[in-house]
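A.B. asks: What follows is a structure written as structure tokens; I'll ask about it next.
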Amino acid sequence: MPSHLSTRRQFAAALGTAASVGAQSPRRPNIVFVCSDQHSFKYAGFAGHPLVKTPNLDRIASRGVVFDNAYCGSPVCAPGRACMMTGLYPHHTNSFCNSTVWDGSQPTWGTRLRRAGYHTEATGKFDLNPDFDIGFEEHATGHGHRSRPDITSLFRSPVAYRAGERGLVNGRPRDTSHADAERARTCVEFIREKASGLGKPWCYYVGFTAPHPAFVARQRYWEMYPREQVDLPQVTAEYLESQHLIFQELRHFKRIATPISEPRIRNARAGYYGLVTELDEHIGWIWSALEESGELERTIFVYTSDHGEALGDHGLWLKNNLLEPAAHVPLVIAGPGVPQGRRVARATGHVDLVQSLLEWSGSGGGPEIKGHSLIPLMRGDTSAHPGWAYSESHSEGNATGSFMIRRGPWKYIHFTWYEDLLFNLEEDPGELHDRSRDPEARRVLRELRDILEDEVSPEAVTRAGFETQERMLAGFASELGEQGLAKMLQGRMGSGLAQSLAARAVRDLAHRSGSEHRA
């Protein structure tokens, strides 16, 4: 396969894009879309990590294109996946947190592909809303936050705390296989036994749950990362002293502001690394099945993750923030017509990936789709892409809405009603030196702020997030009453906080009801 295609016509013909084929053309590519859970970009061999072993992803990356600066739509499961599956920003689907899932108001790209004549199947984690058509024939799929909301995300003014988060900062081995193994086998079975006989292009979505915590890796992967060799996050007391207030509040929410012992940190990182390598094996099964069946030459292969993992950087763990470890995700694409061994430095997002899927499939999308196709970028043409990526965060532990614009080396984070942050990631990849008040960066700050405000109204979106969460909380208070709501909250908050916040929620509901009645 050539390393690049010399003309747009050749590229379009090889990909079978909408520009060159009709909606029912058999030349349209098959698509395998693999999404992991909580895999931060930097923790992979192809990303240059010195310890984490990902031989299969490295091989796939060498056969395709790596997007070195790809960002999720929101750094938490439900809104991140609402963005990734619709091509819209999370607030467009009223998905702000892991209690407010995709509302079905806009179709997924699976639905769009199916309408365009694709056979669509899926297994594993979606985290959308099964009350609506998702667009796939589903096999053991999961929509966990629809039935088990992260109820603490409804308490953001003021922020509550989540009692069990601190306990997740640890790791250990296990003897049993990961649930992702069965999800990989389901996809492999489809490729080997069903794909070639469909007589139409197909798309298979696999939602893996690794390397999401708990950080418990299978024994042989755990042993690949001896604790004494595991690197530690570099966080100084001086940095924490001056850390942005929003991130300080997030650390308190997760109960990780108190220092965590070095052995636990090493265990957690070893477990995470082991899970990434275990995930890599399962991805390798799918890739090998495509090769062995002869389907690879007709199939676009996509790998990404819904969001990343802080893993101790900045004194933070897990997700829920727009710093690089949580918001910057892997994105690797390989397949027919895709250049081999190419890397794209331009900032991109999951909304761009959706536009690409629609173009490959010939299914098209309306003007509401927010992204710009990645296909020109893969052949080196930057003219059709704006050069920036957007993300937003309104999930649990966030005292306000936060918004990100990444363009070139610069990354801007806006907090509604709080001070902004600005980083030059080429000079400061660890995001340790805020440039927002640097006179020499004033022009860049103004430009990125203008991009953000042209794209969304940050304060309006922030208020919409709070209002959506408050309505959901009022619904729980009305349905369950004080004791029922306290029982629901107890597992996340502990009995004391659960009881006091349940009482407040019921009292606020009664006050609003009385005000509405008097009005």
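A.B. asks: Tally the residues that are open to solvent by less than 10 Å² (accessible area, probe 1.4 Å) and either touching a strand residue (DSSP E or B) at 6+ places or on another chain (Cβ under 9 Å) or among the hydrophobic types (A, V, I, L, M, F, W, C) (or both), restricting the search to the stretch 49-60. Full working, then the answer.
C.D. replies: Step one: filter the stretch 49-60 for residues open to solvent by less than 10 Å² (accessible area, probe 1.4 Å), giving 52, 54, 57, 60.
Add one more test, that the residue is either touching a strand residue (DSSP E or B) at 6+ places or on another chain (Cβ under 9 Å) or among the hydrophobic types (A, V, I, L, M, F, W, C) (or both), and what stays is 52, 57, 60.
Result for the stretch 49-60: 3.
A.B. asks: Return yes or no: is PHE423 at pLDDT 95 or above, open to solvent by 20 Å² or more (accessible area, probe 1.4 Å) and of a type in the set (Phe, Trp, Tyr)? Reasoning before the result, please.
C.D. replies: On the way: at pLDDT 95 or above: yes; open to solvent by 20 Å² or more (accessible area, probe 1.4 Å): no; of a type in the set (Phe, Trp, Tyr): yes.
For PHE423, the condition - at pLDDT 95 or above, open to solvent by 20 Å² or more (accessible area, probe 1.4 Å) and of a type in the set (Phe, Trp, Tyr) - is not met.
This table checks each residue for (1) open to solvent by less than 50 Å² (accessible area, probe 1.4 Å); (2) outside any helix (DSSP H, G or I).
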{"site": "ASP131", "(1), (2)": "no, yes"}
{"site": "ILE134", "(1), (2)": "yes, yes"}
{"site": "SER153", "(1), (2)": "yes, no"}
{"site": "ARG166", "(1), (2)": "yes, no"}
{"site": "ARG172", "(1), (2)": "no, yes"}
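A.B. asks: Restricting attention to the stretch 353-410, which residues are free of Cβ contacts under 8 Å to residues at least 40 places away in the same chain and among the hydroxyl-bearing types (Ser, Thr, Tyr)?
C.D. replies: Across the stretch 353-410, the qualifying residues are SER356, SER373, THR382, SER383.
A.B. asks: Of the residues that make up the stretch 181-195, is at least one assigned to a helix (DSSP H, G or I), within 28 Å of PRO259 (Cα to Cα) and either open to solvent by 20 Å² or more (accessible area, probe 1.4 Å) or without any contact (Cβ under 8 Å) to a residue 60 or more places away in the chain (or both)?
C.D. replies: Going through the stretch 181-195, the residues assigned to a helix (DSSP H, G or I) turn out to be 181-193, 195.
Right, trim to within 28 Å of PRO259 (Cα to Cα) and you get none.
There is no residue in the stretch 181-195 that is assigned to a helix (DSSP H, G or I), within 28 Å of PRO259 (Cα to Cα) and either open to solvent by 20 Å² or more (accessible area, probe 1.4 Å) or without any contact (Cβ under 8 Å) to a residue 60 or more places away in the chain (or both).
A.B. asks: Filter the stretch 464-483 down to the residues that are open to solvent by 30 Å² or more (accessible area, probe 1.4 Å), of a type outside the set (A, V, I, L, M) and touching a residue at least 40 places away in the same chain (Cβ under 8 Å) and list them by number. Explain how you work it out, then say what you get.
C.D. replies: Within the stretch 464-483, the subset open to solvent by 30 Å² or more (accessible area, probe 1.4 Å) is 464, 467, 470-472, 475-476, 478-480, 482-483.
Then keep just the ones that are of a type outside the set (A, V, I, L, M); that gives 467, 470-471, 475-476, 478-479, 482-483.
Scanning the stretch 464-483 gives GLU470, PHE476.
A.B. asks: Pick out the one residue from TYR204, TYR161 that is within 30 Å of THR416 (Cα to Cα), of a type in the set (Ser, Thr, Tyr) and touching a Ser or Thr at 6+ places or on another chain (Cβ under 9 Å). Working first, answer last.
C.D. replies: Numbers: TYR204 fails: within 30 Å of THR416 (Cα to Cα).
Exactly one residue qualifies, and that residue is TYR161.
A.B. asks: For the stretch 38-60, what are the residues that are out of contact with any Asp or Glu (no Cβ under 6 Å at 6 or more places or on another chain) and either of a type in the set (Ser, Thr, Tyr) or in a loop (DSSP other than H, G, I, E, B) (or both)?
C.D. replies: Taking the stretch 38-60 as the starting set, the residues that turn out to be out of contact with any Asp or Glu (no Cβ under 6 Å at 6 or more places or on another chain) are 39, 41-44, 47-53, 55, 58-60.
Across the stretch 38-60, the qualifying residues are HIS39, PHE41, LYS42, TYR43, ALA44, GLY48, HIS49, PRO50, LEU51, VAL52, LYS53.
A.B. asks: Among the residues of the stretch 336-361, what is the count of those that are modelled with pLDDT of 95 or more and not in a helix (DSSP H, G or I)?
C.D. replies: Selection size over the stretch 336-361: 13.
A.B. asks: Of the numbered conditions (1) assigned to a loop (DSSP other than H, G, I, E, B); (2) touching a residue at least 12 places away in the same chain (Cβ under 8 Å), HIS91 fails exactly one; give the number of that condition.
C.D. replies: The number of the failed condition is (1).
A.B. asks: Which ones in the stretch 104-128 are in contact with an Asp or Glu (Cβ under 9 Å, 6 or more places away or on another chain), assigned to a loop (DSSP other than H, G, I, E, B) and open to solvent by 10 Å² or more (accessible area, probe 1.4 Å)?
C.D. replies: GLY104, GLN106, PRO107
A.B. asks: Does LEU316 satisfy being under 24 Å from LEU250 (Cα atoms), modelled with pLDDT of 95 or more and either touching a Leu at 6+ places or on another chain (Cβ under 7 Å) or surrounded by fewer than 23 Cβ atoms within 10 Å (Cβ to Cβ) (or both)?
C.D. replies: Working: under 24 Å from LEU250 (Cα atoms): yes; modelled with pLDDT of 95 or more: yes; either touching a Leu at 6+ places or on another chain (Cβ under 7 Å) or surrounded by fewer than 23 Cβ atoms within 10 Å (Cβ to Cβ) (or both): yes.
Against the criterion (under 24 Å from LEU250 (Cα atoms), modelled with pLDDT of 95 or more and either touching a Leu at 6+ places or on another chain (Cβ under 7 Å) or surrounded by fewer than 23 Cβ atoms within 10 Å (Cβ to Cβ) (or both)), LEU316 qualifies.
A.B. asks: Filter the stretch 443-462 for residues that are hydrophobic (A, V, I, L, M, F, W, C) and in a helix (DSSP H, G or I); which is most open to solvent (accessible area, probe 1.4 Å)?
C.D. replies: The initial filter retains those residues of the stretch 443-462 that are hydrophobic (A, V, I, L, M, F, W, C), namely 444-445, 448, 451-452, 456, 460-461.
This time we only want the ones that are in a helix (DSSP H, G or I), so: 444-445, 448, 451-452, 460-461.
Working: VAL444: 13, LEU445: 18, LEU448: 0, ILE451: 30, LEU452: 2, ALA460: 55, VAL461: 13 Å².
Selected residue: ALA460.
The values are calculated or read from the model by the stated rules, or taken from the named source; none is laboratory data. Just so we're clear, the structure is a prediction, and the values are computed from it rather than from any experiment. With ideal geometry, Cβ positions are generated from the backbone for all residues, glycine too; neighbour counts draw on all protein chains shown. Only protein heavy atoms, including side chains, enter the accessible area calculation; ligands, DNA and RNA are left aside. Shrake-Rupley method; radii C 1.70, N 1.55, O 1.52, S 1.80 Å.
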